[in-house]
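Chemist: Sending over a structure as structure tokens; questions will come in a sec.
Please treat every number below as a calculation from the coordinates, not as lab data. None of the values given here were measured: they were computed from a predicted structure. Using ideal geometry, Cβ is built from the backbone for each residue, glycine included, and neighbour counts are taken over all protein chains shown.
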Amino acid sequence: MRRSVVAGNWKMHGSSAMIEDLVKSLASRVSIDTCDVIVSPPFPYLSLVQQLTAGTGIGLAGQNCSEHTQGAHTGEVAADMLVDLGCEWVILGHSERRQAGETDAQVAAKAAAARSVGLKPILCVGESLAQRQSGEAVAVVTTQLAAVVKDLAAGDVIAYEPVWAIGTGETATPAQAQEMHGEIRAFLAQHQPALAEQTRILYGGSVKAENAAELFAAADIDGGLVGGASLKADDFSAIVGAAP
Ligand code: PEP
């Protein structure tokens, strides 16, 4: 049985005061007994969140990292800096970064940089509404996966996030999500048979307290990557509570 993961992507939201309140509130509400719980603050707040989550079992993720090692790369953040600040995870290939020009090859290079320092990538894939409507959803997702599957490692997590469901309030139905998660696991079985059953595949896209349980009940959905609802302690802890 795969252990569930619920990860909160705070994107570019927050302030020291807001984050202190949020983490203190989460620390008293979420249970990590059956589920890995991860939060992903903006880079400037990682150190604060590291201090506030110490001893709680809540894990820390960066929202991105550079494909380069430390050096002359103004504005970039190296994977080993994330490790230095207590991160165990890094979200890579989020659709908001892909929309800003990040390519499949860059996502693969970033994943390699992350793994080389012991960070576990949360690899995001997903199709746009136009791609779904034209019947290309599976092809788009498997093309994105193809870039990272060769070097996939035990502990890597995949997040299926249909772009049309991110921040829109429109959630994939459990059947739609399960169908794609099944395709993803079949793709892994073909290309990385030893990892296919153990790799956790998260659903992301307007996960809320109200829809989390039915999504997480699907056979190949191993938890969620949560944006908007992760900024509210009540909502995020309810989503964590819905993980089996
Ligand atoms: C996300 O940003 O990864 C996400 C899934 O956002 P939301 O939950 O707000 O749709």
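Chemist: Do you know which of the residues in the stretch 83-121 that are in contact (Cβ under 8 Å) with a residue 24 or more places away in the chain and acidic (D, E) is farthest from Q50 (Cα to Cα)?
Modeler: The qualifying residue farthest from Q50 (Cα to Cα) is D104.
Chemist: Here is a follow-up. Here is a list: F216, F236. Which entry is farther than 16 Å from R2 by Cα, aromatic (F, W, Y) and touching a residue at least 60 places away in the same chain (Cβ under 8 Å)? Quick ask: steps written out before the conclusion?
Modeler: Values: F216 fails: farther than 16 Å from R2 by Cα.
On inspection, the qualifying residue turns out to be F236.
Results for (1) away from the ligand (no atom under 16 Å from the Cβ); (2) more than 20 Å from P44 (Cα to Cα), shown as yes or no for each residue.
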residue	(1), (2)
L82	yes, no
L85	yes, no
V90	no, no
D104	yes, yes
S116	yes, yes
L129	no, yes
A137	yes, yes
K150	yes, yes
G155	yes, yes
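Chemist: Please tell me if V207 is crowded, with 20+ Cβ neighbours inside 10 Å, of a type in the set (V, I, T) and more than 9 Å from the ligand (Cβ to nearest atom).
Modeler: Criteria not met by V207.
Chemist: Please work out which one of (1) β-branched (V, I, T); (2) crowded, with 16+ Cβ neighbours inside 10 Å; (3) more than 15 Å from the ligand (Cβ to nearest atom) is the condition T171 fails and give its number.
Modeler: (3)
Chemist: Consider I201 against the criteria (1) touching a residue at least 24 places away in the same chain (Cβ under 8 Å); (2) away from the ligand (no atom under 16 Å from the Cβ): it satisfies all of them except one. Which criterion is unmet?
Modeler: (2)
Every residue, every condition in (1) in contact (Cβ under 8 Å) with a residue 40 or more places away in the chain; (2) aliphatic (A, V, I, L, M); (3) out of contact with any helix residue (DSSP H, G or I) (no Cβ under 7 Å at 6 or more places or on another chain), yes or no:
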| position | (1), (2), (3) |
| --- | --- |
| R2 | yes, no, yes |
| L26 | yes, yes, no |
| R29 | yes, no, no |
| V37 | yes, yes, no |
| S47 | no, no, yes |
| T56 | no, no, no |
| G71 | no, no, yes |
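Chemist: Which one is nearest to R200 (Cα to Cα) among residues in the stretch 228-244 that are near the ligand (Cβ under 10 Å from one of its atoms) and crowded, with 24+ Cβ neighbours inside 10 Å?
Modeler: I239
Chemist: Scanning the stretch 108-135 for residues that are touching a Lys or Arg at 6+ places or on another chain (Cβ under 9 Å) and more than 20 Å from G224 (Cβ to Cβ), which turns out surrounded by the fewest Cβ atoms within 10 Å (Cβ to Cβ)?
Modeler: Checking each candidate, the answer is A108.
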